[in-house]
Amino acid sequence: MAYWLFKTEPDAFGIDDLKTRPEQTEPWDGVRNYQARNFLRDKVAIGDQVFIYHSSCKTVGIAGVAEVVKAGYPDETQFNPESNYYDPKSTPENPRWFRVDVKFVEKFESVLPLSVIKAMPTITEIGLVKKGGRLSIMPVEETEWQQLYTTAKMN
């Protein structure tokens, strides 16, 4: 099992939206960065745990946890000309973009703010605290996952 952080803007789709979806499950689509795409296509696997991270909002930080329930498969929004994520250079035979399905696990009582994460002296590897760590999908080391999870539960 691996650990991940998926960024989202909660005004578009957040942890509360995931919780209210049928079967509390949703495709994680719309990722349009090649490195993040490679993680979704090649690395993210069924059973992996995911921090849902809210960005571009009042309290930026980790809002809850989801689990991957379907491994990488082509993101259908790339083929839909009506979609904001349409890619005219992508075809069903040669898709560029991939997604996974995630299932709600839990929402934290309060968001673990980025400011708290950055102040944790033992959190040094996660992309959030590194210069240029702007990927929407990023791996999390198991030791850092445990520390962040424990802190979020106490927050």
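Any read-out appearing in this document is the output of simple, stated calculations on the displayed coordinates, not a laboratory observation. All values derive from a computational prediction rather than experimental measurement. Positions of Cβ are generated from backbone atoms using ideal geometry, with glycine treated the same way; all protein chains shown enter the neighbour counts.
When the Kirkwood radius is taken over all Cα pairs of the stretch 12-54, what Stokes-Einstein diffusion coefficient follows at 20 °C and 1.002 mPa s, in µm²/s?
Rounded, D is 180 µm²/s.
When only C-alpha pairs under 8 Å and at least 6 residues apart count, what is the relative contact order of the chain, in percent?
30 percent
Would you kindly compute the Cα radius of gyration of the stretch 3-147 and its largest Cα-Cα separation (Dmax), both in Å?
15.1, 47
For Arg32 paired with Val116, estimate the spin-label separation in nm (one decimal), with each label point 7 Å from Cα along the Cα-to-Cβ line.
About 3.4 nm separates the two model spin labels.
How much length would be gained if the chain were fully extended between Asn155 and Ser56, taking 0.36 nm per residue of separation minus their Cα-Cα distance, in nm to one decimal?
Result for the pair: 33.6 nm of gain on full extension.
State which entries of Lys58/Lys118; Lys58/Lys131; Lys43/Lys89; Lys103/Lys131; Lys89/Lys130 exceed 28 angstrom in Cα-Cα distance in the structure shown.
Over 28 Å apart, Cα to Cα: Lys103/Lys131; Lys89/Lys130.
Convert each backbone phi in the stretch 46-61 into a coupling constant with the Karplus relation 6.51 cos²θ - 1.76 cosθ + 1.60 (shift: θ = phi - 60°), then list the ³J(HN,Hα) values in order as whole Hz, x for Gly and Pro.
With coefficients 6.51, -1.76 and 1.60, one gets 4, x, 4, 9, 10, 7, 8, 10, 8, 10, 6, 8, 4, 10, 7, x Hz.
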